[in-house]
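Worksheet: one structure, shown below.
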Amino acid sequence: MGFPVYDFRKDIKNVLVTPQIRSRFLKMEPGQSAQLHSHDLGHEIFLILDGHVEFEIDGETEELGPGQMCIALADQPHKVRVLGDEPMTMYLSVTPHIHPTHTPRNDDGERLPHNYAPSSAYDVEPNLQITLSELVTRHIHAAELLAELAKTCSTVQNEMGEQLLSEINEENKQDANELRKTMWESLYPVFKAVSELGENWNQLAPRIVE
């Protein structure tokens, strides 16, 4: 059995939802618009597949059609409005995807209270077999692990960085490569731990008030 293949003409849903990225096909009807908002952490990419839309990003407005793409960077207010008499379908991705995923803005662009959308808004079914208490405990453990790894990583980066500066000055590429390898091997677990913390947080945050 092969890997999943998604078709924007029928798979109007979130197709991948992880702390690193949320990606989906989205269909909007003529005249439909989305509220002005931003993302505290996420960059959002929009690729138009069918129809025409007007985007406002950080106060600037552009019209896009099929095959065109635009990007709203983290913390840039943006909104979209469908143009014409035909529906619009787009591919979009937000990376990273960490709750609260949206920060609504008023007409003046001022930040409003964060929007903690339920898991179902992203086509994710929460695992209700895991209690809220257990999710809190997991989240605390993930934060503690990240703190430990970050401390170790800081020590390694400082030590290897000092040596790397010497090697660069001496143009010793072989030793410099070994130092780079050691630096990465201490960075990699930190990024993995950040992902685990994000995964736990994305499970916990919506459940707190659900």
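Tabulated results
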| quantity | calculated |
| --- | --- |
| Calculated [θ] (222 nm, deg cm²/dmol) that DSSP helices of n ≥ 4 give over the chain, each run adding -39,500 (n - 2.57) | -13000 deg cm²/dmol |
| Amide proton proximity set for Q68, modelled H, under 5 Å, gap of 5+ | I48 |
| Using distinct alpha-carbon pairs, which all enter the 1/r mean, Kirkwood radius of the chain in Å | 20.0 |
| Cβ crowding within 10 Å averaged over residues, with 102-111, 17-26 ranked highest first | 17-26, 102-111 |
| Highest-first arrangement of 73-85, 140-152, where packing means the average Cβ count within 10 Å | 73-85, 140-152 |
| Under-15-angstrom lysine pairs by C-alpha in the chain, whenever the two are 8 or more apart or on separate chains | 5 |
| Accessible solvent surface per residue of the chain, calculated while the other protein chains remain in place, 1.4 angstrom probe, Å² | 62 |
| Karplus-derived HN-Hα couplings along the stretch 106-111 (A = 6.51, B = -1.76, C = 1.60, θ = phi - 60°), whole Hz, x at Gly and Pro | 7, 5, 8, x, 6, 5 |
| C-alpha long axis of helix 132-170 to longest principal axis of the chain, angle in ° | 60 |
| Dipole magnitude of the chain about its Cα centre (Cβ charges: Lys, Arg +1; Asp, Glu -1), debye to nearest 20 | 680 |
| Distant-in-sequence amide H partners of H52 (H built 1.01 Å from N, under 5 Å) | L83 |
| Gaussian network model of the chain, Cα within-10 Å springs - most flexible of G51, G42, G198 | G51 |
| Sulfur and carbon atoms: percent of accessible area, the stretch 38-146 [1.4 Å] | 52 |
| Test item: Cα-centred dipole of the stretch 30-105, Lys/Arg +1 and Asp/Glu -1 on Cβ, debye | 240 |
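The values are calculated or read from the model by the stated rules, or taken from the named source; none is laboratory data. Please read all numbers here as calculations on a predicted model, not as lab measurements. Neighbour counts are summed over all protein chains in view; Cβ atoms, including those assigned to glycine, are modelled from backbone coordinates with ideal geometry. Accessible surface is based on the protein model in full, side chains and every heavy atom, while ligands, DNA and RNA are left aside. Shrake-Rupley method; radii C 1.70, N 1.55, O 1.52, S 1.80 Å.
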